[in-house]
Amino acid sequence: MTTPTIAKTGTAVLEASGVTMRFGGLTAVRGVDLTVGAGEIVGLIGPNGAGKTTFFNCLTGLYVPTEGTVSYQGTRLSRKPHLVTQAGVARTFQNIRLFANMTVLENVLVGRHTRTKEGLWSALLRSPGFKKAETTSEERAMELLEFTGLAHKRDHLARNLPYGEQRKLEIARALASEPGLLLLDEPTAGMNPQETRATEELVFAIRDKGIAVLLIEHDMRFVFNLCDRVAVLVQGEKLVEGTSDVVQADERVIAAYLGEPFEGDPGEAEVSEVEAAEAHAAQAAADPDPASTEDSDGTEGGPQ
Ligand SMILES: Nc1ncnc2c1ncn2[C@@H]1O[C@H](COP(=O)(O)OP(=O)(O)O)[C@@H](O)[C@H]1O
Ligand SMILES: [Mg+2]
């Protein structure tokens with residue numbers, strides 16, 4: 001099913017160790033360890049403000065972590081974003097960052113500049129050197145547009161694409177740097193259910209090309225369907241990590257999402273109230289006598 005071409009399954013593609021990021025007095029990420037293996041899809045979840053995006057920024061060189069190390073395929077990553085991309089780590093952003101006034105195809109071609117000798121400016125200015133490399137680049141870019149389902153929009157301006165397609169284009173552009181690891185920050189934010197479903201398929205297809213994926217996502221169904229492993233970040237710290245089943249069942253995770261009441265009083269009174277109401281409803285449904293149903297509903301006033 002999985003056909004990794006970049007690294008053998010089982011070997012670590014990404015190793016983040018003790019990553020801490022402080023902004024003045026605020027510790028946004030605290031001592032986080034995370035490994036992504038070849039052929040893996042790993043999810044990073046947690047409430048808003050948990051430090052997920054900050055952690056991504058530490059992985060990609062956008063932020064220099066206050067403490068900790070980040071290695072890609074066994075080598076310490078540079079602290080310069082373009083060198084991180086060149087090493088093989090690509091990303092998309094929570095807030096879409098496309099070149100709005102460039103076409104779909106041009107956006108993907110820009111994503112390829114780390115893989116072509118000619119570089120970004122040459123690509124943008126269409127220099128003679130670039131012309132030679134252009135055919136190959138365009139072929140590859142078109143392949144990626146086919147892959148992401150955007151080929152028919154190649155000449156549209158990025159800003160005219162619907163939101164869901166802009167997110168796809170960001171993925172196509174990230175793939176254009178031929179990464180071994182793709183980081184997706186909330187890839188389905190703002191998408192409708194069909195688009196979310198299509199993105200799920202796309203992420204599986206990316207993994208099947210041998211690209212490891214680390215994704216931040218709020219849509220729990222999406223995360224638990226897709227991910228081999230999920231790490232939960234709460235207030236900058238890794239709370240739990242495990243398979244989807246383990247993480248879904250962990251009460252600390254539920255508490256982190258639902259908030260206080262779960263931790264303090266699990267609400268015995270409320271539970272028995274609900275159980276009584278359910279028993280009552282079941283009895284009413286089983287009893288075909290309308291008089292008896294009406295009687296217990298009306299005069300008793302329900303449970304309590
Ligand atoms: N550049 C920054 N300067 C100061 N504080 C920041 C910066 N980036 C993020 N933070 C803070 O770090 C915390 C984590 O934010 P973020 O990583 O965006 O969370 P998440 O992506 O999990 O919602 C928040 O309290 C946020 O305000
Ligand atoms: Mg975020």
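Every number in this text was worked out from the coordinates using simple rules, so none of it is lab data. None of these values were measured; they are calculated from a predicted model. Virtual Cβ from ideal backbone geometry, glycine too; neighbours counted across all protein chains shown.
Past the 24 Å Cα-Cα mark, which pairs from Lys168/Lys209; Lys52/Lys153; Lys52/Lys168? Table pairs above 24 Å Cα-Cα are Lys52/Lys153.
Taking other C-beta atoms within 10 Å as the exposure proxy, Ile211, Ile96 rank Ile96, Ile211 from fewest upward.
Between Glu139 and Glu201, the FRET efficiency from the beta-carbon distance, with R0 = 22 Å, is close to 0.40. Distance between the 7 Å Cα→Cβ label points at Arg76 and Ser17: 1.1 nm.
For Val246, Val89, Val232, the sequence from fewest to most other C-beta atoms within 10 Å is Val246, Val232, Val89. Between Lys209 and Arg159, the simple spin-label model (points 7 angstrom out along Cα→Cβ) gives 2.8 nm. Stretching Asn192 away from Ala100 to a fully extended chain increases their span by 30.9 nm, per 0.36 nm per residue minus the current alpha-carbon distance.
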